[in-house]
Amino acid sequence: MMAESSRPSDKMWGGRFAEATAASVETFSASIQYDARLYRHDIMGSKAHARMLARQGLITEEERDAILQGLDEIEAEIDRGEFVFKPELEDVHMNIEKALTDRIGPAGAKLHTARSRNDQVNLDFRLYLRDEADALDGLLAGAQRAFARLARKYLGAVMPGYTHLQRAQPVLLSHHLLAYVEMFQRDRDRLAGCRQRIDIMPLGAAAMAGTGLPIDRQAVAEELGFAAITANSMDTTGDRDFALEMLFCLSLIQVHLSRLSEELVLWSTKEFDFVRIGDRYCTGSSIMPQKKNPDIPELIRGKTGRVAGALMALLMTVKGLPLTYNRDLQEDKEQVFDALDTVKASLAITAELLDHTEFKTERLRVATAGGFMTATDLADYLVRRNMPFRQAHGVVGRIVAFCQERDCELVDLTLADLQQFSELIGADVFAVLSVDGSVNSRLSAGGTGRARVEEALTHVERLLGITS
């Protein structure tokens, strides 16, 4: 009996090899443990390829029918959990092809005519990411709807707006919530652009130079619903820009979720005490019975490094690769799969959590009473009386310093106190020093004035299909 190291290779690609692959190499290089999730897309692409081969006379109609039936049976077995993926066959493509050939004989071996695993995996990955982009868009829309529901529920409630985490100006809570709707809309727009660049059919590039066989790439693209075919076979097989772009989209989505999570963590502290997150979405302490911890936002915030790390990992994988395909590119899918799973789970739980979050509107209003939050309104008041803004800024700054010395707020000053700093200040000034007056004066497009926020919310509800 021959020793393992001297047996000829029995791999489907092993014709020129005199020795079997070392077991350590098979273990190290196998990708089936994660790329098995591509099986539906691999089979979908193989079916389209088989139909095209038959139309082009490269296989017979009988061979095509046997291939299609065999692939249907294999897909059903995988769906039922009965298919055994073999690590020694390396990846999802070889596992399915080997099973097909064992099942239907030589016709199965003809399926790989005019294609390579290099363009095949590119096809599978694009088909998969196209579906995932659509799923992500739905999850982003779901998160937007959760924000819109809260914005409608709390329309009219005021809160402090912050810069540098310092109280800055009073705003409507709904205005703050709708800011996240805008963030997620940019994510959706960005994802739509990414999907357009995913939606280009690579099959037919073969190993890297195309094929001399009479294939019809356009017909395969049309059957699979692609908008176009790739233009350069060398670029096609070495291209992972679409995966990198998806990872960037995922990273930015997760960053936006992390920013929200940070606010929820802060707002749920006793120091802020702005929100009450439902008990079902918090945890306690193993030693401190009083604790109610916002673990979900903390976990989402923590997972952001994981998603951004996936982007950096693939960037570093691709940065030094010469054209065309290199085995390094096998490292693409684990990063993308993990990032997709993380972001999808984060989006789903965020929408759920928001539906079980209550804002403490009285506490929010009380928080707007301190910090001289209508100081800018006082400066604008002076500007409307023809004082240059820089001069008005200085006047109001001195008034704030005066208040600090006396440990009071702007609304506590008398008209006489205010007129010490400018003769332009009249009795009507107190209307602009109130929180509600400040908020409702912000009527510039995109501002926090009640009328502008109602317009924005109505527009968002219409776009998201929310009916009252």
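The values are calculated or read from the model by the stated rules, or taken from the named source; none is laboratory data. From a predicted model like this one, the values you see are computed outputs, not experimental measurements. Counting neighbours? That spans all protein chains shown, and the Cβs are built from the backbone with ideal geometry, glycine included. SASA here: full protein model, heavy atoms, side chains in, ligands and nucleic acids out. Shrake-Rupley method; radii C 1.70, N 1.55, O 1.52, S 1.80 Å.
Values computed for the structure shown
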| read-out | value |
| --- | --- |
| Burial order of peptide ranges 87-100, 266-279, 300-313 (average beta-carbon count within 10 Å, highest first) | 87-100, 300-313, 266-279 |
| Accessible surface, per residue, of the stretch 342-468 when the full set of protein chains is kept, probe 1.4 Å, Å² | 52 Å² |
| Solvent-accessible heavy-atom area per residue, rounded to whole Å², over the stretch 275-326 at 1.4 Å | 62 Å² |
| Amide H within-cut-off set for N293, under 5 Å, with H built and near neighbours excluded | T283, G284 |
| Axial C-alpha extent at least 20 Å, average Kyte-Doolittle at least 0.0 - helices from the chain (DSSP) | 241-267, 295-318, 332-354, 389-406 |
| Set K47/K344; K86/K319; K270/K360 screened for pairs whose C-alpha atoms are more than 20 Å apart | K47/K344; K86/K319 |
| Matching label, Rg and Dmax of the Cα atoms in Å computed from the structure shown, candidates (1) 24.1, 83; (2) 30.9, 108; (3) 22.0, 79 | (2) |
| Probe 1.4 Å, accessible area per residue of the stretch 34-170, Å² | 39 Å² |
| Helix-only CD estimate at 222 nm, as mean residue ellipticity for the chain, using -39500 (n - 2.57) per DSSP H run (n ≥ 4) | -19500 deg cm²/dmol |
| Coil-residue GluC sites (Glu not before Pro) of the stretch 395-448, DSSP, other Cβ within 10 Å capped at 12 | E423 |
| Accessible surface ranking that places the most exposed of L299, L224 first, with a 1.4 angstrom probe | L299, L224 |
| Accessible surface of the chain [probe 1.4 Å, protein heavy atoms]: carbon and sulfur percent | 53 percent |
